[in-house]
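Undergrad: One structure, pasted below without further comment.
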Amino acid sequence: MALTGRTGADAIFKALKRICIVLTKYQSKLVAVIVSAQSAGAITSAQAADATALINLASAACVAFQRIADYSGF
């Protein structure tokens, strides 16, 4: 059974939804900046890999959070 109403989770999901919208819109540009920073020597290949993995994980989390929000009616 879905847990709905003012639990604080609704506010969190609204904030996450906005972050996910921005992340989705600019994900490819952000990855390009990471590649550029690595090419310029500003970050190591390990740091670039970590940053890219974080972006990919955040994108996957956005999908999961949206499913939870849909289930709960947020």
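Undergrad: From the set of residues in the stretch 27-74 that are more than 25 Å from ALA9 (Cα to Cα) and among the hydroxyl-bearing types (Ser, Thr, Tyr), which is surrounded by the most Cβ atoms within 10 Å (Cβ to Cβ)?
TA: Here the answer is THR52.
Undergrad: Residue pairs, Cβ under 8 Å, 6 or more apart or interchain, first in the stretch 37-56 and free of Cβ contacts under 8 Å to residues at least 12 places away in the same chain, second among the small types (Gly, Ala, Ser) and not in a loop (DSSP other than H, G, I, E, B). List them.
TA: ALA37/ALA48; GLN38/SER45; GLN38/ALA48; ILE43/ALA37; ILE43/ALA51
Undergrad: List the number of the failed condition for GLN38; all other conditions in (1) modelled with pLDDT of 95 or more; (2) in contact with a Phe, Trp or Tyr (Cβ under 9 Å, 6 or more places away or on another chain) hold.
TA: Among (1) modelled with pLDDT of 95 or more; (2) in contact with a Phe, Trp or Tyr (Cβ under 9 Å, 6 or more places away or on another chain), GLN38 violates only (2).
The values are calculated or read from the model by the stated rules, or taken from the named source; none is laboratory data. Owing to the predicted nature of the structure, the values given are computational and were not obtained by experimental measurement. With ideal geometry, Cβ positions are generated from the backbone for all residues, glycine too; neighbour counts draw on all protein chains shown.
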